[in-house]
Amino acid sequence: MNKKGFTLIELLVVIAIIGILSTLSVIALNNARQKSRDARRVADVKQVQTALELYFNDESRYPDPTDVTFDGASSIVGPTSSTTYMAVVPQAPQPYGDGPCSGGDNYEYTQATTDTYEIRYCLGAETGGIASDDHYATPAGIADP
């Protein structure tokens, strides 16, 4: 008699192949998510820099550190012109901790004088020609620590 069906070995090979393919797809998805978070971090910082430059043009100074909160709910508004320069200051994408950051993965705005500032942010991997690790955005652009 001619029996039709799969042998145990054939089934085990197919299950092993499916397992390997699913593992590779999960790894690729995690890498894509990390790159997406890093690209968003760079875009967020550039948007905030633009808002700060518009603020500086109208107010002749940069806002105080207490006026720029990266919480996803605050805004950047000029005190004399009452102009809204950024309706919602972005919050760093989560989950944090996917990079080699010494100071954490949140954004941080500091002001040395009224005519300069620093925005600290971190990238988990190279993004758009910017290396991974901590970085600072200033009125002059993006700099390494």
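Among the aspartates and glutamates, which fall within straight-line cross-link reach of residue 35, defined as a Cα-Cα distance under 13 Å, with same-chain neighbours fewer than 8 residues apart omitted?
98, 126
Choose one answer from 32, 16, 43: the residue with the largest mean-square fluctuation in a GNM of the chain with alpha-carbon springs under 10 Å.
Between 32, 16, 43, it is 16 that shows the largest mean-square fluctuation.
Can you give the FRET efficiency for residue 71 and residue 24, using 1/(1 + (r/R0)^6), R0 = 35 Å, r = Cβ-Cβ distance, to the nearest 0.05? Spell out each step's value before the answer.
Working: r = 37 Å, r/R0 = 1.06.
Using R0 = 35 Å, I get an efficiency of 0.40.
Quick one: which residues, 5 or more positions from residue 107 or on another chain, have an amide H under 5 Å from its amide H? H modelled 1.01 Å from N in the peptide plane, none for Pro or chain starts.
Answer set, sorted by chain and number: 92.
In whole Hz and in residue order, list the ³J(HN,Hα) couplings for region 128-134 that follow from phi through the Karplus curve 6.51 cos²θ - 1.76 cosθ + 1.60, θ = phi - 60°; x for Gly and Pro.
x, x, 9, 5, 6, 3, 6
If you line up the long axis of helix 8-59 against the longest principal axis of the chain, both from Cα atoms, how many degrees apart are they, to the nearest 10?
Helix 8-59 sits roughly 10 degrees off the main axis of the chain.
Which stretch or stretches of region 78-94 have amide N atoms under 11 Å from the point lying 7 Å from residue 33's Cα along the Cα→Cβ direction?
Only 94 fall inside the zone, counting backbone N under 11 Å.
Would you grab the residues whose amide H sits under 5 Å from the one on residue 77? Only those 5+ places off in sequence or on another chain, please, with H modelled 1.01 Å from N.
For residue 77, the qualifying residues are 85.
Starting from the eigenvalues of the Cα gyration tensor, five times each then square-rooted, give me the equivalent ellipsoid semi-axes of the chain, largest first, whole Å.
Values: eigenvalues 485, 46, 22 Å².
Over the Cα atoms of the chain, the semi-axes work out to 49, 15, 11 Å.
Which ³J(HN,Hα) values in Hz, rounded to whole numbers, follow from the phi angles of region 109-116 under the Karplus curve 6.51 cos²θ - 1.76 cosθ + 1.60, where θ = phi - 60° and Gly and Pro get x?
Karplus-based 3J(HN,Hα) across region 109-116 equals 9, 10, 9, 7, 9, 6, 10, 8 Hz.
Kindly put 85, 136 in sequence by how many other C-beta atoms sit within 10 Å of each C-beta, fewest to most.
Least to most surrounded, the residues fall as 136, 85.
Between residue 16 and residue 131, with labels modelled 7 Å along Cα→Cβ, what's the label distance in nm to one decimal, could you check?
That separation, rounded to one decimal, is 4.3 nm.
Values in this text are rule-based calculations from the coordinates and carry no lab data. Please read these numbers as outputs of a predicted model, since none were measured by experiment. In this analysis, Cβ positions are derived from the backbone assuming ideal geometry, glycine residues included, and neighbour counts consider all displayed protein chains.
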